[in-house]
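This report refers to the structure that appears directly beneath it.
The values are calculated or read from the model by the stated rules, or taken from the named source; none is laboratory data. Since we're looking at a predicted model, the values are computed, not measured. Using ideal geometry, Cβ is built from the backbone for each residue, glycine included, and neighbour counts are taken over all protein chains shown. Protein only, heavy atoms only, side chains kept; ligands, DNA and RNA dropped before computing areas. Shrake-Rupley method; radii C 1.70, N 1.55, O 1.52, S 1.80 Å.
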Amino acid sequence: MHSLYRGKDFISTQDWTLEELWMLLDVAWELKRKFALGIPHRLLQDKTLFMMFFEQSTRTRNSFEAGMTQLGGHAHDLTPDKMQISHGEEARDTAKVLSRFGHGIAIRNCFIDEGNKYINEVAEHAHVPVINLQCDVYHPTQIAADIMTVVERFGRNLRGRKCVVSWAYAPSYMKPMSVPQSLILLMPRFGMDVVLAHPPEFDLMPHIMKQAEENAKEAGVKFEVTDDMDAAFEGAHVVYPKSWGALMRTRKAEESMAMAKKYTDWICDERRMGLAASDAIYMHCLPADRGYEVTDAVIDGKQSVVWDEAENRLHVAKAIMALTMGGRP
Ligand code: CP
């Protein structure tokens, strides 16, 4: 089957076939090798990406901006206050105008019940590919870098490998659900058994849970849910403990944080890493709340792959842009 990548949106990995996702990873590895060797790869010369950030970002913003420079193009770093969005300009009007100026639109908008809708509305009216830089439901560019990192450690055949997506306590802010949701959707498609662990109040969106179950069934792998972090860690090959808000119970940050305070012992420490397989890796999308979500000993330890995972954001960003904004005419 031949896929056309040029012009394709990247809003959820669910919209890409497994074959297309492997192509994306293979391009990311090719660009990673070229970057390491200092070989120019100006695949998007003179092209423009408009990046709209409704929230803060370190990894996503800089991987896409640096990536666009390395591909020979330019990325505009936009925030709503720099645009007429702040005066209420509608998504469809912004989409049509930016489509006339450049070659791609990328958006981070994590407002609950709004972010994914906004990105889809832009995509519906844009004539250029739209990339989701994180919304209230999905974080596809992060998860593509995550699977790339997992494959680098364990190889392409991930059957029989166990991935634990676990809630962890963090006092800093109410983090979105997009990373755990994207993980439980994608990891089964690549052949991994997935265990989702969280306290009862921190359940994920029902339609995502249903889709994750269907993905696991289709792939012939296990998808289990538990409220026991220790049991989840038993024999795991990939552990991905991170915080998220109790957004299925409340939209108020202070209420979510109060619920979270009951579970300060949901931390990834050396004892818990000892429950996992001896070759297990520790992953986190970052930023991590050190001392709460994870101890320094674990995140700075031998089993941590967080810096490779962060670096892979760059290679994946470039692969997504090169395929969707360039590629075969
Ligand atoms: N992991 C991630 O998306 O990081 P940023 O919020 O810094 O972009």
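What are the pairs with Cβ atoms under 6 angstrom where one residue, in segment 79-95, is free of Cβ contacts under 8 Å to residues at least 40 places away in the same chain and the other, located anywhere, is assigned to a helix (DSSP H, G or I) and open to solvent by less than 60 Å² (accessible area, probe 1.4 Å)? Sequence gap at least six, or different chains.
From residues that are free of Cβ contacts under 8 Å to residues at least 40 places away in the same chain, the pairs are SER86/PRO80; ALA91/TYR118; ALA91/VAL122; ARG92/HIS125; ALA95/VAL122; ALA95/HIS125.
Give me the helices (runs of 4 or more DSSP H) completely within segment 258-327, filtered to those with at least 3 residues that are at pLDDT 95 or above and within 30 Å of MET51 (Cα to Cα), ordered by residue number.
306-325
Has segment 79-92 got at least one residue that is open to solvent by less than 20 Å² (accessible area, probe 1.4 Å) and more than 19 Å from GLY327 (Cα to Cα)?
Yes: one or more hits.
Look at VAL306 and say whether it is surrounded by fewer than 24 Cβ atoms within 10 Å (Cβ to Cβ), within 30 Å of PRO129 (Cβ to Cβ) and not basic (Lys, Arg).
When the stated conditions are applied, VAL306 passes them.
I'm checking my understanding of the structure. Among residues of segment 22-63 that are within 16 Å of the ligand (Cβ to nearest atom) and of a type in the set (Val, Ile, Thr), which one is least open to solvent (accessible area, probe 1.4 Å)?
THR60
Which of the strands (runs of 3 or more DSSP E) contained wholly in segment 96-173 include at least 1 residues that are farther than 30 Å from VAL195 by Cα?
104-109, 130-135
What single numbered condition from (1) under 27 Å from GLY155 (Cβ atoms); (2) open to solvent by less than 20 Å² (accessible area, probe 1.4 Å) fails to hold for LEU71?
(1)
Any chance segment 247-257 includes a residue that's in contact (Cβ under 8 Å) with a residue 24 or more places away in the chain and within 18 Å of VAL195 (Cβ to Cβ)?
No, segment 247-257 contains no residue that is in contact (Cβ under 8 Å) with a residue 24 or more places away in the chain and within 18 Å of VAL195 (Cβ to Cβ).
All but one of (1) in contact (Cβ under 8 Å) with a residue 60 or more places away in the chain; (2) surrounded by fewer than 24 Cβ atoms within 10 Å (Cβ to Cβ) hold for ARG156, so report the exception by its number.
With respect to (1) in contact (Cβ under 8 Å) with a residue 60 or more places away in the chain; (2) surrounded by fewer than 24 Cβ atoms within 10 Å (Cβ to Cβ), ARG156 is out only on (1).
Taking the criterion of being within 16 Å of the ligand (Cβ to nearest atom) and within 17 Å of the chain's Cα centre (by Cα), would at least one residue in segment 75-92 satisfy it?
Within segment 75-92, not a single residue is within 16 Å of the ligand (Cβ to nearest atom) and within 17 Å of the chain's Cα centre (by Cα).
Could you run through segment 285-329 and say how many residues are out of contact with any strand residue (DSSP E or B) (no Cβ under 8 Å at 6 or more places or on another chain) and of a type in the set (A, V, I, L, M, F, W, C)?
Number satisfying all stated conditions: 10.
Within segment 200-209, is there a residue that is surrounded by 23 or more Cβ atoms within 10 Å (Cβ to Cβ) and either assigned to a loop (DSSP other than H, G, I, E, B) or in the same structural domain as ALA253 (by TED's automatic domain parsing) (or both)?
So far as segment 200-209 goes, yes, one or more of its residues are surrounded by 23 or more Cβ atoms within 10 Å (Cβ to Cβ) and either assigned to a loop (DSSP other than H, G, I, E, B) or in the same structural domain as ALA253 (by TED's automatic domain parsing) (or both).
When you go through TYR263, TYR292, TYR240 one by one, which is the residue that is crowded, with 23+ Cβ neighbours inside 10 Å and hydroxyl-bearing (Ser, Thr, Tyr)?
TYR240
For segment 124-144, check the following and say yes or no: at least one residue is open to solvent by less than 10 Å² (accessible area, probe 1.4 Å), in contact with a Leu (Cβ under 7 Å, 6 or more places away or on another chain) and among the hydrophobic types (A, V, I, L, M, F, W, C).
Looking through segment 124-144, at least one residue is open to solvent by less than 10 Å² (accessible area, probe 1.4 Å), in contact with a Leu (Cβ under 7 Å, 6 or more places away or on another chain) and among the hydrophobic types (A, V, I, L, M, F, W, C).
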